[in-house]
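Inspection log for the structure reproduced underneath, given as structure tokens.
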Amino acid sequence: MNVSPSIEELVHRTLADLPTHVTLVAAAKMRSVDEVRAAVASGVRIVGQNYVQEAQRAIAVIGRTAAAWHMIGHLQRNKVKQAVRLFDMIQTVDSFRLAEKIDQECRKIDRTMPVLIEINSAREPQKSGILPEEAVEFVRELLSLRSVRIEGLMTVGPLVDDPEEIRPYFAESKRLFDELRRLAIPNVRMEILSMGMSDSYPIAIEEGANMVRLGTILFGPRD
Ligand SMILES: *Cc1c(COP(=O)(O)O)cnc(C)c1O
């Protein structure tokens, strides 16, 4: 007997449980277009995609305007041309070279791309993201790129067994977010703090996240 709840039920439950100041991003990696469509039909307003190709496929079927589409995976420079035509936000700006490429491609199509700066909050050598101590300088560097608009920070955090262990890294990202807000750098909107996944989002919200990226809890475990 199949007793697993439907995507509709899971989305409704999650939306009902989230505090009103917290925005839900449905993390759709490796999900079928039908699953993503079900989530959107159930009230998901933002879909997060890790891969440009998956986003292309889903957007072709579901439609650009049915949801906002956010890039939440590592973005390669050779995919930026497609990415700036697909996404409403890129959450994973992790180098000047990437930001510069986004800026170039956006100029060609006369648009501005809202972005988040990805922070490597646990300073993991193999992980992408800007080190916390380099973030302020990085934000200032990006000001020369007029077609890129910084709207906040994003962090993934380390893979741990007990989600409690991520708390200090979420807290560190929040401190950085607050510092950047205080600096009030012209043309920088520090409004979005994207952190927390299915196993860690309650902790992320306690530490100040106002955007959470949830996959498993909305779609069920991946097979
Ligand atoms: C997969 C993924 C998520 C969601 O992970 P779940 O544990 O399935 O909720 C969130 N953010 C990013 C960047 C991801 O790749």
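The values are calculated or read from the model by the stated rules, or taken from the named source; none is laboratory data. If you're wondering where the values come from, they're calculated on a predicted model, not measured in any experiment. Every residue, glycine as well, gets a Cβ built from its backbone with ideal geometry; the counts of neighbours run over all protein chains shown.
Tell me, which residue of the stretch 95-108 that is out of contact with any helix residue (DSSP H, G or I) (no Cβ under 7 Å at 6 or more places or on another chain) and either surrounded by fewer than 20 Cβ atoms within 10 Å (Cβ to Cβ) or of a type in the set (S, T, N, Q) (or both) is nearest to S144 (Cα to Cα)? Can you show your working first?
We begin by selecting, within the stretch 95-108, every residue out of contact with any helix residue (DSSP H, G or I) (no Cβ under 7 Å at 6 or more places or on another chain); these are 95, 100, 103-104, 107-108.
Next cut, either surrounded by fewer than 20 Cβ atoms within 10 Å (Cβ to Cβ) or of a type in the set (S, T, N, Q) (or both) only: 95, 100, 104, 107-108.
Values: S95: 14, E100: 9, Q104: 12, R107: 13, K108: 17 Å.
Selected residue: E100.
The lone criterion from (1) under 18 Å from P114 (Cβ atoms); (2) hydrophobic (A, V, I, L, M, F, W, C); (3) within 13 Å of the ligand (Cβ to nearest atom); (4) in a loop (DSSP other than H, G, I, E, B) left unmet by M154 is number (4). Regarding the stretch 186-201, can at least one residue be identified that is among the charged types (D, E, K, R), within 16 Å of P158 (Cβ to Cβ), within 13 Å of the ligand (Cβ to nearest atom) and in contact (Cβ under 8 Å) with a residue 24 or more places away in the chain? Yes, the stretch 186-201 contains at least one residue that is among the charged types (D, E, K, R), within 16 Å of P158 (Cβ to Cβ), within 13 Å of the ligand (Cβ to nearest atom) and in contact (Cβ under 8 Å) with a residue 24 or more places away in the chain.
Annotation for the stretch 129-141: at least one member residue is in contact with a strand residue (DSSP E or B) (Cβ under 8 Å, 6 or more places away or on another chain), crowded, with 18+ Cβ neighbours inside 10 Å and not in a helix (DSSP H, G or I).
Search the stretch 160-209 for residues being touching a strand residue (DSSP E or B) at 6+ places or on another chain (Cβ under 7 Å) and charged (D, E, K, R), and hand back the single one that is surrounded by the most Cβ atoms within 10 Å (Cβ to Cβ). Among those that are touching a strand residue (DSSP E or B) at 6+ places or on another chain (Cβ under 7 Å) and charged (D, E, K, R), it is K174.
Could you tell me which residue of the stretch 189-223 is nearest to A39 (Cα to Cα), considering only residues that are in contact with a Leu (Cβ under 7 Å, 6 or more places away or on another chain) and polar (S, T, N, Q)? So, considering only residues that are in contact with a Leu (Cβ under 7 Å, 6 or more places away or on another chain) and polar (S, T, N, Q), the one nearest to A39 (Cα to Cα) is S198.
For the stretch 207-223, residues that are over 18 Å from the mean Cα position of the chain (by Cα) and in contact (Cβ under 8 Å) with a residue 24 or more places away in the chain total 2. Considering the stretch 94-120, and only residues there that are touching a Leu at 6+ places or on another chain (Cβ under 7 Å) and not in a helix (DSSP H, G or I), the residue that is nearest to V25 (Cα to Cα) turns out to be L116.
Got a sec? Which of A38, A58 is surrounded by 15 or more Cβ atoms within 10 Å (Cβ to Cβ), touching a residue at least 12 places away in the same chain (Cβ under 8 Å) and touching a strand residue (DSSP E or B) at 6+ places or on another chain (Cβ under 8 Å)? Let's see the steps before the verdict.
On the way: A38 fails: touching a strand residue (DSSP E or B) at 6+ places or on another chain (Cβ under 8 Å).
Only one candidate passes the filter, namely A58.
Every listed requirement among (1) under 18 Å from the mean Cα position of the chain (by Cα); (2) closer than 29 Å to R31 by Cα; (3) at pLDDT 95 or above is met by E164 save one, (1).
Matching residues to (1) within 16 Å of E151 (Cα to Cα); (2) under 19 Å from the mean Cα position of the chain (by Cα):
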| position | (1), (2) |
| --- | --- |
| S42 | no, no |
| A68 | yes, yes |
| V80 | no, yes |
| L86 | no, yes |
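For the stretch 202-223, which residues satisfy the criterion of being more than 8 Å from the ligand (Cβ to nearest atom) and of a type in the set (A, V, I, L, M, F, W, C)? Give the derivation first.
In the first step, residues of the stretch 202-223 are kept if they are more than 8 Å from the ligand (Cβ to nearest atom); the result is 202-212, 220-221, 223.
Once the filter is applied, which keeps residues that are more than 8 Å from the ligand (Cβ to nearest atom) and of a type in the set (A, V, I, L, M, F, W, C), the stretch 202-223 yields I203, A204, I205, A209, M211, V212.
How many residues are β-branched (V, I, T) and surrounded by 20 or more Cβ atoms within 10 Å (Cβ to Cβ) when one looks only at the stretch 109-122? Give the steps one after another, and end with the answer.
Restricting attention to the stretch 109-122, the residues satisfying the condition of being β-branched (V, I, T) are 109, 112, 115, 117, 119.
Adding the requirement that they be surrounded by 20 or more Cβ atoms within 10 Å (Cβ to Cβ) leaves 115, 117, 119.
The number of residues fulfilling the criteria is 3.
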